[in-house]
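Student: Starting off with a structure, shown below.
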Amino acid sequence: MKSFVVRPIPLFEIVLDKSNMTYRMNAGQPMTMPGYVWFIEGPKEKILVDAGGDMALFHSRGIPAKELQTLEQGLGKLGLKPEDIDILIATHLHHDHIAHARELRRAKVIVQKKELEFSRNPHPMFSRVCIKEHLDGLKFEVVDGDAHVVEGVDLLFTPGHAAGGQSVVVQTAKGKVVIAGMCTIRDNFDPPADMIPLLPVIAPAIHINVIEAYESALRIKNTADIIVPLHAPEYLEQKSIP
């Protein structure tokens, strides 16, 4: 089995209340929430996970997002250009994870069937995060449930945060890295010790189905040797996983 590494590429950050990330916990605790894309280094195919957020959309809604770098700049630091990407894996289709997909002009976009169907006709509760225009012109490869991408890279169906979220399992020299396909931080997977016997994970605070979200977080925790939460601040400085 081949072993790869994951390269975090931070694109933006937002200061918000931690309770926006952890269901019914941590109210009144400010935190910096970064947004990333993730390059999987090693396969013959050049694979990117997620495609970043729309700064103009954040600002139009009064969300004080700070751009750290553009997608093109972030890829450039790895010696890549947007047109080099062969495969984009969309963990889900909320605007902060798919807005710049059209810049990856050659890439096929792997997405879950349920996620694409929902995002093309979102419920009004999710109409502010599922922006249909972000999907225009993309070359989708639709999967339904767990799926294989290339040797060493697989998908777990992890709904709940989104209708059809998926997590990415990457084989590395230190075991399975799972890029969690839901908006989470480290606290979601490492709750306080006194909670663990009953609740070994904390569901994401933003969800379409909180029970599914909890079960998906638990599945990620039980699968991974190394969990990569999508919005964990520690990856602002870390250059590779592992």
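Student: Please pick out the residue among 174, 139 that is loosely packed, with under 14 Cβ neighbours inside 10 Å, without any contact (Cβ under 8 Å) to a residue 40 or more places away in the chain and not acidic (Asp, Glu).
Tutor: Criteria check complete, one pass: 139.
Student: Now for a separate question. Just wondering, is there one or more residues in segment 193-203 that are charged (D, E, K, R), over 28 Å from residue 2 (Cβ atoms) and surrounded by 17 or more Cβ atoms within 10 Å (Cβ to Cβ)?
Tutor: no
Student: Which residues, taken from segment 158-171, are touching a strand residue (DSSP E or B) at 6+ places or on another chain (Cβ under 6 Å) and either of a type in the set (Lys, Arg) or closer than 18 Å to residue 221 by Cα (or both)?
Tutor: 158, 161, 166, 167, 168, 169, 170
Student: Which one of these is touching a residue at least 40 places away in the same chain (Cβ under 8 Å) and surrounded by 14 or more Cβ atoms within 10 Å (Cβ to Cβ): 187, 225?
Tutor: Checking each option against the conditions leaves just 187.
Student: Follow-up. I need a count of the residues in segment 192-223 that are over 22 Å from residue 31 (Cβ atoms), assigned to a loop (DSSP other than H, G, I, E, B) and at pLDDT 95 or above.
Tutor: Qualifying residue count for the region: 2.
Student: With the condition kept exactly as written, say whether any residue in segment 28-36 is at pLDDT below 95, closer than 19 Å to residue 229 by Cα and part of a loop (DSSP other than H, G, I, E, B).
Tutor: No, because not a single residue in segment 28-36 is at pLDDT below 95, closer than 19 Å to residue 229 by Cα and part of a loop (DSSP other than H, G, I, E, B).
Student: Pull up segment 228-238, narrow it to residues that are loosely packed, with under 15 Cβ neighbours inside 10 Å and either acidic (Asp, Glu) or under 18 Å from residue 206 (Cβ atoms) (or both), then point me to the one that is modelled with the lowest pLDDT.
Tutor: 237
Student: Filter the helices (runs of 4 or more DSSP H) completely within segment 41-130 down to those with at least 1 residues that are in contact (Cβ under 8 Å) with a residue 40 or more places away in the chain, surrounded by fewer than 20 Cβ atoms within 10 Å (Cβ to Cβ) and touching a Gly at 6+ places or on another chain (Cβ under 7 Å).
Tutor: The qualifying helices (runs of 4 or more DSSP H) are 95-98, 113-120.
Student: In segment 170-185, what residues are under 9 Å from the mean Cα position of the chain (by Cα) and in a loop (DSSP other than H, G, I, E, B)?
Tutor: Answer for segment 170-185, where residues must be under 9 Å from the mean Cα position of the chain (by Cα) and in a loop (DSSP other than H, G, I, E, B): 180, 181, 182, 183, 184.
Student: So, residue 167, is that one outside any loop (DSSP other than H, G, I, E, B), at pLDDT 95 or above, buried (at least 20 other Cβ atoms within 10 Å of the Cβ) and in contact with a His (Cβ under 8 Å, 6 or more places away or on another chain) or not?
Tutor: no
Student: Here's something else I'd like to know. Mind listing whichever residues of segment 131-156 are in a helix (DSSP H, G or I) and of a type in the set (Asp, Glu)?
Tutor: If the condition is that a residue be in a helix (DSSP H, G or I) and of a type in the set (Asp, Glu), then 133 is the only one that fits.
Student: Quick one: in segment 224-238, of everything that is part of a loop (DSSP other than H, G, I, E, B) and among the charged types (D, E, K, R), which residue is nearest to residue 92 (Cα to Cα)?
Tutor: 225
Student: Moving to a separate point now. Has segment 7-22 got at least one residue that is exposed (fewer than 14 other Cβ atoms within 10 Å of the Cβ) and in contact with a Lys or Arg (Cβ under 9 Å, 6 or more places away or on another chain)?
Tutor: yes
Student: Every residue in segment 214-232 that is hydrophobic (A, V, I, L, M, F, W, C) and under 23 Å from residue 12 (Cβ atoms), please.
Tutor: Within segment 214-232, 227, 228, 230, 232 meet the criteria.
The values are calculated or read from the model by the stated rules, or taken from the named source; none is laboratory data. Since we're looking at a predicted model, the values are computed, not measured. Because the Cβ atoms are built from the backbone with ideal geometry, glycine has one as well, and the counts that use them run over all protein chains shown.
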